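This report concerns only the one structure given below.
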Amino acid sequence: MDNYTLFDLLLKAESESEVEEALKKADYNGDDSTLWQPFGGFGMNLNQINNQQSDATAALVEKLINSIDAVLMAECYQAGIDPKGTTAPRTMAEAVDHLFKVKDGRLEHLTTTERTKLAERIQFVATGAKKEPCYLVVDKGEGQTPASFENTFLSLTKQNKDDIPFVQGRFNCGGTGVLPFCGEHKYQLIVSRRPPSCPVAPDDATKTLWGFTLVRRQKAAPGRKSSMYVYLAPQGKILTFDTPTIPALPGPSSKNKPAPPYSVPLAHGTCIKLYNYRWRGKSIATTEARFELEKYLHSVSLPLRITETREYTANLYSTTISGILAHVNDDGGEDESKSKFEKGLGPAYGELNLTGIGRLPYKLFLLKEEFDSRKFPHGVYFTLNGQVHGDLPANFINSTLKFDYLSKNLLVSVDC
């Protein structure tokens with residue numbers, strides 16, 4: 001079996017059993033150490049990977065943040081700017097303003113149509129079965145060459161982005177947080193190709209090729225106390241193939257018919273597939289999944305497109321995630337009945353000045369009583385570049401502040 005055939009089988013596999021069948025056909029099944037390499041370069045990686053996030057949605061958000069970083073990096077290179085140089089943007093908001101011409105880097109300044117157009121660069125796609133869905137995270141970002149996989153996608157704790165000020169994922173760990181929530185065997189497919197506009201090492205012979213690997217958990221062997229995460233790399237080499245595109249993106253949906261998966265080509269960038277992912281948002285992607293993700297994405301630097309390809313009956317099979325605050329700011333125009341705000345009561349702005357910490361700006365949003373509080377976060381949240389990293393207990397508004405009548409309608413987002 002050639003490499004592309006194996007890749008295509010893995011890309012379109014919708015269950016762990018289908019993944020295993022593809023590996024068996026390629027004679028890559030089993031635990032042969034010449035085929036499977038330890039993730040991060042060391043065998044004792046289980047605790048480090050399993051202790052990233054305790055929540056499956058928070059782990060999934062890290063993947064989306066990595067895609068945003070990749071697109072910002074690609075656009076920076078496209079503009080002829082060294083991401084580590086003195087002329088590079090200093091913040092994510094500055095990068096979006098400068099590279100994408102979005103005023104102040106805030107998506108609420110764009111129309112719904114403009115956000116949807118921009119969201120084509122990053123897509124989150126639900127495939128497979130309803131009860132045990134798979135998900136694709138696809139971005140048209142900087143991508144990586146096969147030779148660089150080991151030091152990027154498959155590394156741990158390397159400071160790959162530490163000196164790039166306008167990206168979020170600097171700690172080289174969060175992207176592995178999804179693995180514990182992937183089925184029984186923790187399968188994850190990674191495929192990537194570097195765009196011509198992005199620099200590569202002069203001696204990189206793989207610079208024009210697609211590279212792909214499969215990550216999984218390998219059970220403890222005799223003499224080893226615990227299982228470990230490994231990735232497919234026969235003889236230590238990432239598998240490659242040479243095609244102009246891969247069928248990673250979904251096609252357009254039609255009335256009462258979901259979008260067909262694996263229909264639109266991707267020429268460069270990265271596609272990651274999570275098999276049998278277990279999380280609260282596994283129902284139809286355009287409603288439950290979006291609301292679940294936006295609990296952790298109060299605002300995002302770049303919007304992303306979320307698409308349902310499974311056989312659901314729905315009015316919409318694709319929607320755009322711009323962060324909950326951007327949607328809250330959609331005030332309905334002249335039709336006040338469509339506004340999510342109580343008239344004249346928000347949003348409000350303020351600032352905390354804490355000794356030893358500094359200034360923390362915050363926003364307060366008072367949602368109309370009729371809006372479903374399960375779909376819009378309420379309470380007090382602490383964010384970094386719009387991504388939620390902490391919150392106060394759900395009953396803080398009523399039990400500590402004694403605002404019982406606001407407990408399901410007040411959203412406070414503190415920018416850390």
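Label-to-label distance for residue 129 and residue 86 is 5.9 nm, based on points extended 7 Å past Cα in the beta-carbon direction. Per atom type, the chain shows carbon and sulfur on 50% of its accessible surface, probed at 1.4 Å. Using a cut-off of 22 Å between Cα atoms, the listed pairs 295/368; 186/225; 63/368; 24/63; 24/186 include 63/368; 24/63 as exceeding that distance. Of the labelled figures (i) 101, 71, 43; (ii) 92, 54, 39; (iii) 65, 50, 46, only one reflects Cα extents along the principal axes in Å as derived from the coordinates, namely (iii).
What residue among 270, 176, 208 shows peak mean-square fluctuation when the chain is described by a Gaussian network model with Cα springs under 10 Å? Per the Cα network of the chain with a 10 Å cutoff, 208 tops the list. A cut-off of 5 Å between modelled amide H atoms, ignoring neighbours fewer than 5 places along the same chain, links residue 385 with 416.
Under a 5 Å amide H cut-off, with hydrogens placed 1.01 Å from N, residue 36 pairs with 233 among residues at least 5 apart or on other chains. Helix 3-12 and the long axis of the chain differ in direction by around 40°, with both axes built from C-alpha atoms. In the full protein context, the chain carries 46 Å² of accessible surface per residue, based on a 1.4 Å probe and ignoring ligands, DNA and RNA. Phi angles of region 205-216 translate, via the Karplus equation with coefficients 6.51, -1.76, 1.60 and θ = phi - 60°, into HN-Hα couplings of 6, 9, 4, 9, 9, 7, x, 8, 8, 10, 9, 7 Hz per residue; Gly and Pro are given as x. Taking amide H positions as modeled 1.01 Å from N, with prolines and chain starts lacking one, the residues under 5 Å from residue 403 and 5 or more places away or on another chain are 398.
Among 133-146, 348-361, 282-295, the peptide with the highest mean count of other Cβ atoms within 10 Å heads the list, and the full ranking is 133-146, 282-295, 348-361.
Stokes-Einstein diffusion for region 178-233, with the hydrodynamic radius set to the Kirkwood value over Cα pairs and evaluated at 37 °C in a medium of 0.692 mPa s, equals 239 µm²/s. In percent, rounded to a whole number, the relative contact order of region 70-117 is 23, using alpha-carbon pairs under 8 Å and six or more apart. The orientation-averaged projected area of the convex hull spanned by the Cα atoms of region 181-295 comes to 11.2 nm². For region 72-139, the mean projected area of the C-alpha convex hull, equal to one quarter of the hull surface, is 6.1 nm². Of all the options 269, 379, 211, the one that moves most in a Gaussian network model of the chain with Cα springs shorter than 10 angstrom is 379.
Between residue 34 and residue 104, the modelled label-to-label distance comes to 6.2 nm, taking each label 7 Å out from Cα in the direction of the beta carbon. Rounded to whole numbers, the Karplus 3J(HN,Hα) couplings from phi for region 312-320 are 9, 9, 7, 7, 10, 10, 9, 8, 10 Hz, using 6.51 cos²θ - 1.76 cosθ + 1.60 with θ = phi - 60°, and x at Gly and Pro. Treating r as the C-beta distance of residue 184 and residue 255 and R0 as 35 Å, the FRET efficiency rounds to 0.40. Taking packing as the residue-averaged number of other Cβ atoms within 10 angstrom, the listed peptides 100-111, 177-188, 26-37 run from highest to lowest as 177-188, 100-111, 26-37. Across region 92-98, computed HN-Hα scalar couplings (Karplus, 6.51 cos²θ - 1.76 cosθ + 1.60, θ = phi - 60°) run 5, 4, 5, 5, 5, 4, 6 Hz from first to last residue, x flagging Gly and Pro. In the structure shown, the pairs 257/408; 131/402; 25/282; 117/237; 101/402 are assessed against 32 Å; a Cα-Cα span above that value is assigned to 257/408; 131/402; 117/237; 101/402. How many nm is it between the label spots at residue 394 and residue 370, if each spot is 7 Å from the Cα in line with the beta carbon? For residue 394 paired with residue 370, the spin-label model returns 2.5 nm. P(r) for region 1-71, from all Cα pairs and a bin width of 10 Å, is 16, 28, 43, 13 %, short bins first. Summary value for the chain: 17 percent relative contact order, contacts being C-alpha pairs under 8 angstrom separated by 6+ residues.
The values are calculated or read from the model by the stated rules, or taken from the named source; none is laboratory data. Please read these numbers as outputs of a predicted model, since none were measured by experiment. Please note: Cβ atoms are built from the backbone with ideal geometry, for glycine as well, and neighbour counts cover all protein chains shown. Calculation scope for accessible area: heavy atoms of the full protein, side chains included, ligands and nucleic acids excluded. Shrake-Rupley method; radii C 1.70, N 1.55, O 1.52, S 1.80 Å.
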